[in-house]
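Undergrad: Can you read through this structure? Questions will come right after.
The values are calculated or read from the model by the stated rules, or taken from the named source; none is laboratory data. Because the structure is predicted, anything quoted here is derived from the model rather than measured. Quick reminder, even Gly has a Cβ in these numbers, built from the backbone with ideal geometry, and neighbours come from all protein chains shown. What goes into the accessible areas is simple: the full protein's heavy atoms, side chains included, and nothing from ligands, DNA or RNA. Shrake-Rupley method; radii C 1.70, N 1.55, O 1.52, S 1.80 Å.
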Protein chains: 2
Amino acid sequence: MKVSDATSEGGVLRRHFPDGVFSQNCPSRVVLEHVTSKWGGLVLLVLAEGRPIRWSELRRRAEGVSEKMLAQTLRTLIEDGLVVRHARPVVPPYVEYSLTPRGQELAEFFVPLMSWIADNAAEIVEGRP
Amino acid sequence: MKVSDATSEGGVLRRHFPDGVFSQNCPSRVVLEHVTSKWGGLVLLVLAEGRPIRWSELRRRAEGVSEKMLAQTLRTLIEDGLVVRHARPVVPPYVEYSLTPRGQELAEFFVPLMSWIADNAAEIVEGRP
């Protein structure tokens, strides 16, 4: 079987998970769930463009997200230090959100994953029984 | 603002999503949800080591997954053409699962993401308010 470095014998993840178990109480599990939650992932991808984005634009582009879920998702990502909220004290005031440097770092792994998914999704969905 | 290629002006994802909207009915949304579902992601990461893995080992390593959720997760990933089931007709018979070439390709993006998460998770969780 041809395997790449990323997925070779034992896998690079054995460095982090020596027994290969993704333990329930591991911080990685918590963060993985925040980042790959239904809305968490999409919000990160929208913000990955690099400029601050307003609530209303986030709401429109993460299509289908409710006000409540967007608020909750942003709160989680802010608490994780991946997203920052900017209050713009102009008239009328508004708020924007952007990635922190750590969020930007994460996006550099997440954007290529989503790009691969976008390239392959049509075939995957059409191929389903 | 320093931005990488992956997240530069407009973002590489604009190639796939020209209006920047992650549309609800897009196949990418479906596949993203399968791949990043709570158990889907962990099963892919376990299988990313490259060798066929038995049900009982998957169950143990994706800690906390129920029989029912593991069955459902594997069924979805098999239907997506990312995972393949091997029935071993020995005595006693058993089944194993491995990534398809397409699943392997996906893992090459997903493993580095998880590796970043594992490197940063402790700090992220400790930094939460």
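Undergrad: All but one of (1) in contact with an Asp or Glu (Cβ under 6 Å, 6 or more places away or on another chain); (2) part of a helix (DSSP H, G or I) hold for B:His86; which doesn't?
TA: (2)
Undergrad: Let me ask something else about it. May I ask you to verify whether A:Gly64 is open to solvent by less than 10 Å² (accessible area, probe 1.4 Å) and closer than 27 Å to B:Pro27 by Cβ?
TA: For A:Gly64, the condition - open to solvent by less than 10 Å² (accessible area, probe 1.4 Å) and closer than 27 Å to B:Pro27 by Cβ - is not met.
Undergrad: Assess whether A:Thr76 counts as being more than 7 Å from every other protein chain (Cβ to nearest Cβ), touching a helix residue (DSSP H, G or I) at 6+ places or on another chain (Cβ under 8 Å) and at pLDDT 95 or above.
TA: yes
Undergrad: Please count how many residues of segment B:89-110 are open to solvent by 50 Å² or more (accessible area, probe 1.4 Å) and either part of a helix (DSSP H, G or I) or hydroxyl-bearing (Ser, Thr, Tyr) (or both).
TA: 6
Undergrad: Related question: Hey, can you tell me all the residues within segment A:8-62 that are assigned to a strand (DSSP E or B), within 7 Å of chain B (Cβ to nearest Cβ) and among the aliphatic types (A, V, I, L, M)?
TA: A:Ala62
Undergrad: Further, regarding this structure: In the list B:Glu49, B:Glu33, B:Glu9, which residue meets the criterion of being surrounded by fewer than 14 Cβ atoms within 10 Å (Cβ to Cβ) and either at positive phi or modelled with pLDDT under 95 (or both)?
TA: B:Glu9
Undergrad: Follow-up question, since we're still on this one. Considering only residues that are among the small types (Gly, Ala, Ser) and away from chain B (no Cβ under 13 Å), which ones fall in segment A:79-102?
TA: Result: A:Ala87, single match.
Undergrad: Which count do you get for residues in segment A:71-109 that are over 12 Å from A:Leu47 (Cα atoms) and of a type in the set (Phe, Trp, Tyr)?
TA: Final tally of qualifying residues: 2.
Undergrad: Right, here's the next one. State which residue pairs qualify: first residue within 7 Å of chain A (Cβ to nearest Cβ) and farther than 17 Å from A:Pro101 by Cβ and inside segment B:106-129, second residue charged (D, E, K, R) and surrounded by fewer than 18 Cβ atoms within 10 Å (Cβ to Cβ) in any location, beta carbons under 8 Å apart, and separation of 6 or more residues or different chains.
TA: The qualifying pairs are B:Ser115/A:Arg15; B:Arg128/A:Glu79; B:Pro129/A:Glu79.
Undergrad: Name the residue, out of B:Gly50, B:Gly41, that is touching a strand residue (DSSP E or B) at 6+ places or on another chain (Cβ under 8 Å) and under 24 Å from B:His86 (Cα atoms).
TA: Of the residues listed, the single one that is touching a strand residue (DSSP E or B) at 6+ places or on another chain (Cβ under 8 Å) and under 24 Å from B:His86 (Cα atoms) is B:Gly50.
Undergrad: Being at pLDDT 95 or above and more than 7 Å from chain A (Cβ to nearest Cβ): is that true of B:Ser66 here?
TA: When the stated conditions are applied, B:Ser66 passes them.
Undergrad: Scan segment A:52-61 for residues that are open to solvent by less than 40 Å² (accessible area, probe 1.4 Å) and among the hydroxyl-bearing types (Ser, Thr, Tyr) and report the count.
TA: Residues that pass the stated criteria total 0.
Undergrad: State all residues of segment B:111-129 that are open to solvent by 20 Å² or more (accessible area, probe 1.4 Å) and either hydrophobic (A, V, I, L, M, F, W, C) or not in a helix (DSSP H, G or I) (or both); if no residue qualifies, say none.
TA: B:Ala118, B:Ala122, B:Val125, B:Gly127, B:Arg128, B:Pro129
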